[in-house]
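A.B. asks: Just dropping this structure here.
The values are calculated or read from the model by the stated rules, or taken from the named source; none is laboratory data. A quick note: this is a predicted structure, and the numbers were derived from the prediction, not measured. Glycine also receives a Cβ, built like all others from the backbone with ideal geometry; neighbour counts cover every protein chain displayed. Heads up: the accessible areas ignore ligands, DNA and RNA and are worked out on the full protein's heavy atoms, side chains in. Shrake-Rupley method; radii C 1.70, N 1.55, O 1.52, S 1.80 Å.
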Amino acid sequence: MTVHCRAQYLTSAVPAMRGADYNATLLVHAVKGKSISQKQFASVKIAGSSVMITDANKDRAMDWFGEWAAQVVRSLGWSPKVLVPIPNTSALVGSAAVPRTTLIAQAIRRAMGGAATVSDVLRWNRVRSRSTDLASRRPELLYPDLQLVGKVAQGTVVLVDDVFTSGGHAIAAAWRLQDLSCFPSALVACGRTEHAQLDNPFAVAVQELAVPPRPAARVIWTTPQ
């Protein structure tokens, strides 16, 4: 699975933080829906023009990221594109709330002029703690709690997330989608957690994520409420 990320995400400050580091991190904060203090703003190039992201317009950052991600998705060939959001930890089976990652996937679809389908079919069956350590990101522990709540449209499946860290959530999602004979070919995310500064935090290298054979698990179907 190829992983495409818009910007480096520094979860904590590093020595000699540069303006570009703050811009990249605040872009990710905005896409995630985090508050931006009144003294902070990010300057990011969108379609060749610089835009300023503040707390007042942070929700528009999803559309700005969507424009970038739409180009990536279009480059994946001519087959129909299917965007499958990886649910946030609060996206539980039966909840009526729309996950943030689903809103991001919808922004990508808008940027593609509707030439993609959003299949919002994954939910957690219990509240999970936030991914604060490597153990909480192990795919074999995530997989049993990730459930299907619908079908996936036919086409090239692309996972959508706000931040990519170790790949555990992406692997667990890929395993669960195999229940529907779906095999994601790519993942797009706004942030890539990298704790060492990149020369250009907006030029995150594309990487390959190996998806190992999934562990044996019982298929659980949940009917949406």
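A.B. asks: Enter the angle in degrees (range 0 to 90, nearest 10) between the Cα long axis of helix 19-32 and the first principal axis of the Cα atoms of the chain, meaning the one along which they spread out most.
C.D. replies: Value to nearest ten degrees: 40.
A.B. asks: Only four residue types carry charge here, +1 at the Cβ of Lys and Arg and -1 at the Cβ of Asp and Glu. Report the dipole size of the chain about the Cα centre in Debye, rounded to the nearest 20.
C.D. replies: The calculated dipole for the chain is roughly 340 debye.
A.B. asks: Nearest 10 degrees, 0 to 90: what angle lies between the long axis of helix 100-111 and the longest principal axis of the chain (Cα atoms)?
C.D. replies: 70
A.B. asks: Another question, if that's okay. For a quick check, take a GNM of the chain with Cα springs below 10 Å and name the residue from 204, 98, 31 with the largest mean-square fluctuation.
C.D. replies: 98
A.B. asks: Where the centre of each part is set by its Cα atoms, how far does segment 172-207 sit from segment 6-50, in angstrom?
C.D. replies: Their Cα centres are 19 Å away from one another.
A.B. asks: Once you put a point 7 Å from the Cα of residue 151 and another 7 Å from the Cα of residue 207, both along the Cβ direction, what distance in nm separates them?
C.D. replies: So the label points at residue 151 and residue 207 sit 3.6 nm apart.
A.B. asks: Something else about it: Go ahead and set up a Gaussian network model of the chain, Cα springs under 10 Å, then flag whichever of 28, 188, 127 fluctuates most.
C.D. replies: Greatest mean-square fluctuation among the candidates belongs to 127.
A.B. asks: Tell me the relative contact order for segment 54-181 as a rounded percent, counting alpha carbon contacts under 8 Å between residues six or more apart.
C.D. replies: Once normalised by length, the contact order is 30 percent.
A.B. asks: Further question on the same structure: Calculate the spin-label point distance for residue 179 paired with residue 45, positioning each point 7 Å from the Cα along the beta-carbon direction, and give it in nanometres.
C.D. replies: Output for this residue pair reads 4.4 nm.
A.B. asks: Another one. Would you work out if the chain is rounded, prolate or oblate? Take a ≥ b ≥ c from the square roots of the eigenvalues of the alpha-carbon gyration tensor; rounded if a/c is under 1.5, else prolate when a/b is larger than b/c, oblate otherwise. Spell out each step's value before the answer.
C.D. replies: Details: a/c = 1.66, a/b = 1.45, b/c = 1.14.
It is prolate, given that a/c is not under 1.5 and a/b is the larger ratio.
A.B. asks: Sticking with this one: Can you tell me, using C-alpha contacts under 8 Å and at least 6 residues apart, the relative contact order of the chain as a whole percent?
C.D. replies: Details: 445 pairs, mean separation 67.2, N = 225.
It comes to 30 percent, rounded to a whole number.
A.B. asks: Hey, another quick one. Considering only protein heavy atoms and a 1.4 Å probe, what is the carbon-and-sulfur percentage of the accessible area of segment 136-225?
C.D. replies: Working: 2220 of 4230 Å².
For segment 136-225, the apolar C and S fraction of the accessible surface comes to 53 percent.
A.B. asks: Toward the positive end of the charge dipole of the chain, about the Cα centre and with charges on Cβ (Lys, Arg +1; Asp, Glu -1), which of 184, 78, 125 goes farthest?
C.D. replies: Going by the Cα projections, it comes out as 125.
A.B. asks: Tell me which residues come under 5 Å, amide H to amide H, from residue 186 once H is placed; ignore anything under 5 positions away on its chain.
C.D. replies: Hits under the 5 Å cutoff: 2, 159.
A.B. asks: Also, quick follow-up: For a quick check, take a GNM of the chain with Cα springs below 10 Å and name the residue from 66, 168, 113 with the largest mean-square fluctuation.
C.D. replies: 113
A.B. asks: So with the 1.4 Å probe, I'd like the accessible area per residue for the chain, rounded to whole Å².
C.D. replies: On the way: 10920 Å² over 225 residues.
About 49 Å² of surface per residue is accessible.
A.B. asks: Let me ask something else. Any chance you could run the full-extension gain for residue 67 through residue 37? It's 0.36 nm times the residue separation minus the Cα-Cα distance, nm to one decimal.
C.D. replies: On the way: separation 30, 0.36 × 30 = 10.80 nm, distance 2.51 nm.
Using 0.36 nm per residue and subtracting the Cα-Cα distance, I get 8.3 nm.
A.B. asks: Keeping all protein chains in position, work out how much accessible area residue 180 exposes to a 1.4 Å probe, and write it in Å² to the nearest 10.
C.D. replies: It works out to around 40 Å².
A.B. asks: Determine the calculated [θ] at 222 nm for the chain from helices alone, applying -39500 (n - 2.57) to every DSSP H run no shorter than 4 residues and normalising by the residue count; nearest 500 deg cm²/dmol.
C.D. replies: Working: 5 runs with 54 residues, N = 225.
The helix contribution divided over the chain gives -7000 deg cm²/dmol.
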